[in-house]
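Q: Pasting in a structure now, in structure tokens, and then I'll have a few things to ask.
The values are calculated or read from the model by the stated rules, or taken from the named source; none is laboratory data. This is a predicted model, so every value here is computed, not measured. Neighbour counts are summed over all protein chains in view; Cβ atoms, including those assigned to glycine, are modelled from backbone coordinates with ideal geometry. Note: accessible area is taken over every heavy atom of the protein model, side chains too, but ligands, DNA and RNA are not part of it. Shrake-Rupley method; radii C 1.70, N 1.55, O 1.52, S 1.80 Å.
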Amino acid sequence: LRANFSIIQKETGFVNGLITVLHDITEQEKIDLERREFVANVSHELRTPLTTMRSYLEALAEGAWQDEEIAPQFLNVTQTETERMIRLVNDLLQLSKMDSKDYRFNKDWIDFILLFHRIIDRFEMTKNLNVTFERYLPDQAMFVEIDTDKITQVLDNIISNALKYSPEGGTITFNVKENNGFIEISVSDQGLGIPKENLDKVFERFYRVDKARSRQMGGTGLGLAIAKEMITAHGGDIWATSVEGKGTTITFTLPFDSAQEDDWS
Ligand code: ADP
């Protein structure tokens with residue numbers, strides 16, 4: 001429902017009436033509106049790095065290229081912006097693929113615990129890592145039927161965010177437990193957190209709590225939106241909890257049949 005309010009105001013300036021017109025926004029109208037917003041967002045997201053690059057390239061062309069100190073810095077900016085645009089276009093392609101009706105997952109039965117350890121290992125190998133990782137993962141295998149590449153992408157997005165928003169010397173905690181026919185996976189950091197009113201919104205396309213900061217850190221604003229679509233398509237759920245100033249936890253679930261587990265052993 002959309003409400004249009006008209007305030008009836010007398011010349012005295014006092015409000016003495018209110019007319020309300022309520023009408024339905026049809027499903028189609030909603031889709032059109034979302035599509036228009038999406039295109040506007042994409043254009044804006046691409047224009048920002050492009051205009052940045054234009055000004056740096058202009059400065060280089062106008063003589064900065066001769067300055068041994070400035071030139072490498074300016075080139076570095078254009079390189080970083082180009083890489084962010086490539087990430088953005090790749091994310092957009094990913095979303096558009098998932099939007100298409102005949103999108104298929106490549107599912108396999110795999111041990112989630114082993115997969116998760118491997119992904120965490122990969123991040124732990126990063127040079128100059130200044131956070132500590134703590135793993136609370138079960139010792140025994142937990143088999144799930146998933147598209148490994150897609151779930152890896154989801155975990156990559158969540159762990160990169162945890163690293164991006166972690167304070168120096170902070171701890172990132174990884175948890176896996178079984179819960180009522182689901183396997184529940186969570187990644188917690190000790191970063192700045194997410195305000196309560198934004199906890200659901202961070203899963204919307206292009207939503208960021210702090211746009212400038214996200215861009216500065218190379219974010220596209222699509223990571224969690226993609227994660228949500230992938231997890232939902234696997235029959236799971238994803239959500240964020242946070243204490244502002246203390247940290248954030250991103251949790252997701254995947255269907256898990258513990259009875260099936262017995263057949264494997
Ligand atoms: P981005 O590319 O901006 O990281 P995401 O879709 O991955 O896009 O995340 C959306 C927004 O959610 C981020 O811009 C940030 O504001 C917030 N966010 C995500 N993860 C965290 C976290 N671990 N701590 C604090 N804020 C987070």
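Q: Output the number of residues of the stretch 140-175 satisfying the condition of being surrounded by 13 or more Cβ atoms within 10 Å (Cβ to Cβ), closer than 18 Å to Met217 by Cβ and acidic (Asp, Glu). Reasoning before the result, please.
A: First, pick out the residues of the stretch 140-175 that are surrounded by 13 or more Cβ atoms within 10 Å (Cβ to Cβ): 141-148, 150-167, 170-175.
So of that shortlist, the ones also closer than 18 Å to Met217 by Cβ come out as 156-167, 170, 172.
With the extra rule that they be acidic (Asp, Glu), the set shrinks to 156.
Number of matching residues: 1.
Q: What pairs come up if the first residue lies in the stretch 192-217 and is at positive phi, the second is within 6 Å of the ligand (Cβ to nearest atom), and their beta carbons are under 6 Å apart, counting only those six or more places apart or on different chains?
A: Gly193/Thr248; Phe206/Gly221
Q: Output the residue which, of all residues in the stretch 114-139 that are more than 23 Å from the chain's Cα centre (by Cα) and modelled with pLDDT of 95 or more, is most open to solvent (accessible area, probe 1.4 Å).
A: Per the criteria, the residue is Asp139.
Quick grid of which residues meet (1) surrounded by 11 or more Cβ atoms within 10 Å (Cβ to Cβ); (2) modelled with pLDDT of 90 or more; (3) not small (Gly, Ala, Ser):
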site: Val21; (1), (2), (3): no, no, yes
site: Glu29; (1), (2), (3): yes, no, yes
site: Asp32; (1), (2), (3): yes, no, yes
site: Ser43; (1), (2), (3): no, yes, no
site: Glu62; (1), (2), (3): no, yes, yes
site: Glu81; (1), (2), (3): yes, yes, yes
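Q: Taking Ile250 as the residue in question, decide whether it is buried (at least 20 other Cβ atoms within 10 Å of the Cβ) and closer than 24 Å to Trp109 by Cβ. Before you say what the answer is, go through the steps one by one.
A: Numbers: buried (at least 20 other Cβ atoms within 10 Å of the Cβ): yes; closer than 24 Å to Trp109 by Cβ: no.
In short, no.
Q: While we're on this one: Conditions first: (1) assigned to a strand (DSSP E or B); (2) open to solvent by 40 Å² or more (accessible area, probe 1.4 Å); (3) polar (S, T, N, Q). Ser186 passes all but one, so which condition is the exception?
A: (2)
Q: Quick check on Asn106: is it open to solvent by 80 Å² or more (accessible area, probe 1.4 Å) and either polar (S, T, N, Q) or near the ligand (Cβ under 10 Å from one of its atoms) (or both)?
A: Details: open to solvent by 80 Å² or more (accessible area, probe 1.4 Å): yes; either polar (S, T, N, Q) or near the ligand (Cβ under 10 Å from one of its atoms) (or both): yes.
Yes, satisfied.
Q: Strands (runs of 3 or more DSSP E) wholly in the stretch 45-160 with at least 3 residues that are closer than 25 Å to Gln190 by Cβ - which ones?
A: Details: elements: 108-111, 132-136, 143-146.
Of the strands (runs of 3 or more DSSP E) lying wholly inside the stretch 45-160, those with at least 3 residues that are closer than 25 Å to Gln190 by Cβ span 132-136.
Q: Counting only residues that are more than 7 Å from the ligand (Cβ to nearest atom) and either over 15 Å from Ser96 (Cα atoms) or touching a strand residue (DSSP E or B) at 6+ places or on another chain (Cβ under 7 Å) (or both), which one in the stretch 218-228 is modelled with the lowest pLDDT?
A: Within the stretch 218-228, the subset more than 7 Å from the ligand (Cβ to nearest atom) is 218, 226-228.
Now drop any that are not either over 15 Å from Ser96 (Cα atoms) or touching a strand residue (DSSP E or B) at 6+ places or on another chain (Cβ under 7 Å) (or both), which leaves 218, 227-228.
Details: Gly218: 79, Ala227: 97, Lys228: 97.
Filtering the stretch 218-228 for residues that are more than 7 Å from the ligand (Cβ to nearest atom) and either over 15 Å from Ser96 (Cα atoms) or touching a strand residue (DSSP E or B) at 6+ places or on another chain (Cβ under 7 Å) (or both), the one modelled with the lowest pLDDT comes out as Gly218.
Q: Got a number for residues in the stretch 209-237 being open to solvent by less than 20 Å² (accessible area, probe 1.4 Å), outside any helix (DSSP H, G or I) and either touching a Ser or Thr at 6+ places or on another chain (Cβ under 7 Å) or over 30 Å from Asp257 (Cα atoms) (or both)?
A: 6
Q: Further question on the same structure: Examine the stretch 68-78 for a residue that is at pLDDT below 90, exposed (fewer than 10 other Cβ atoms within 10 Å of the Cβ) and more than 28 Å from the chain's Cα centre (by Cα), and state whether such a residue exists. Let's see the steps before the verdict.
A: Going through the stretch 68-78, the residues at pLDDT below 90 turn out to be none.
Among the residues of the stretch 68-78, not one is at pLDDT below 90, exposed (fewer than 10 other Cβ atoms within 10 Å of the Cβ) and more than 28 Å from the chain's Cα centre (by Cα), which makes the answer no.
Q: OK, next. Looking at Ala162 and the list (1) within 16 Å of the ligand (Cβ to nearest atom); (2) in contact (Cβ under 8 Å) with a residue 60 or more places away in the chain; (3) out of contact with any Asp or Glu (no Cβ under 7 Å at 6 or more places or on another chain), which single condition is not satisfied?
A: (3)
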